[in-house]
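What follows is a short report on a single structure.
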Amino acid sequence: MNGSLGPQEEPENNSNSSSVLNVGILKNTGPLHPLYVANEQTQDILSLIFEPAIKLNSIDTPSASVIESWDVSEDGLNYTFHVRQNVYFHGNESTVSANDIISALKTIMNADASVCKYSRYKGCVSSYSASDDYTINVTLNSPSRDIFYLMSFPVYPASVYSGLTENTYKT
């Protein structure tokens, strides 16, 4: 016994065996759509699967993640985000592109803040578009650090999640 509810088998230690991560949870996770997180426990689980577009540390300082860098205009209204190339999705042969970021932004911009925490910051955005496969342009209504909170959303494949709602129970 190893402190769990019963005996555990030790996994084989060879290169042909797959690894499995078991995560114990105490309550219903709620929806599993990465943008519609119902509670902190679900967010913790999904953070093991999805990387944020931009990371925020414990004092909300932004740093590179799926978006590797960004440029800001002198007036603080225009942001150009550069998507890291050759980033693959789990269990998928496709790489992350500006289309995936734009798809998530569309979902956020159309979602209610009561079901999508990133939607709280959508008011800072005037417009957004992709200028190529790895570049996103965002124009703000006025200079605001809210853009970094907005852009801290988990990046997911648009081909899988596009059109799904807050009632999604799939990863």
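The values are calculated or read from the model by the stated rules, or taken from the named source; none is laboratory data. The model shown is predicted, which means the values in this text are computed figures rather than measured ones. All Cβ positions, even for glycine, are placed from backbone atoms using ideal geometry, and neighbour counts span all protein chains on display. Calculation scope for accessible area: heavy atoms of the full protein, side chains included, ligands and nucleic acids excluded. Shrake-Rupley method; radii C 1.70, N 1.55, O 1.52, S 1.80 Å.
When the residues of the range 116-152 are filtered to those that are in a loop (DSSP other than H, G, I, E, B) and under 15 Å from the mean Cα position of the chain (by Cα), which remaining residue is modelled with the highest pLDDT?
This residue is Met151.
State whether one or more residues within the range 153-168 are part of a loop (DSSP other than H, G, I, E, B), aliphatic (A, V, I, L, M), modelled with pLDDT under 95 and in contact with a His (Cβ under 7 Å, 6 or more places away or on another chain).
Filtering the range 153-168 for residues part of a loop (DSSP other than H, G, I, E, B) gives 153, 155-157, 162-168.
Restricting the remaining residues to those that are aliphatic (A, V, I, L, M) gives 155, 164.
In the following step, the residues that additionally are modelled with pLDDT under 95 were identified as 155, 164.
With in contact with a His (Cβ under 7 Å, 6 or more places away or on another chain) added as a condition, the list becomes 164.
Within the range 153-168 (the criterion being part of a loop (DSSP other than H, G, I, E, B), aliphatic (A, V, I, L, M), modelled with pLDDT under 95 and in contact with a His (Cβ under 7 Å, 6 or more places away or on another chain)), the answer is yes, since at least one residue qualifies.
Selection over the range 79-115 of residues that are in a loop (DSSP other than H, G, I, E, B) and under 17 Å from Ser65 (Cβ atoms) gives a count of 8. Residue count for the range 60-78, restricted to those that are part of a loop (DSSP other than H, G, I, E, B), more than 18 Å from Ser47 (Cβ to Cβ) and open to solvent by less than 60 Å² (accessible area, probe 1.4 Å): 3. Would you mind stating whether Ile67 is over 19 Å from Val160 (Cα atoms) and either in contact with a strand residue (DSSP E or B) (Cβ under 7 Å, 6 or more places away or on another chain) or hydrophobic (A, V, I, L, M, F, W, C) (or both)? Yes: the conditions hold for Ile67.
Out of Ala104, Ala113, one residue alone is modelled with pLDDT under 95, of a type in the set (Gly, Ala, Ser) and surrounded by fewer than 18 Cβ atoms within 10 Å (Cβ to Cβ). It is Ala113.
Looking at the structure I just gave you, is Leu32 at pLDDT 75 or above and surrounded by 11 or more Cβ atoms within 10 Å (Cβ to Cβ)? It is false that Leu32 is at pLDDT 75 or above and surrounded by 11 or more Cβ atoms within 10 Å (Cβ to Cβ). Do we have Ser131 as closer than 17 Å to Ile67 by Cβ, among the small types (Gly, Ala, Ser) and open to solvent by less than 40 Å² (accessible area, probe 1.4 Å) here? Taking the combined requirement at face value, the residue does not satisfy it.
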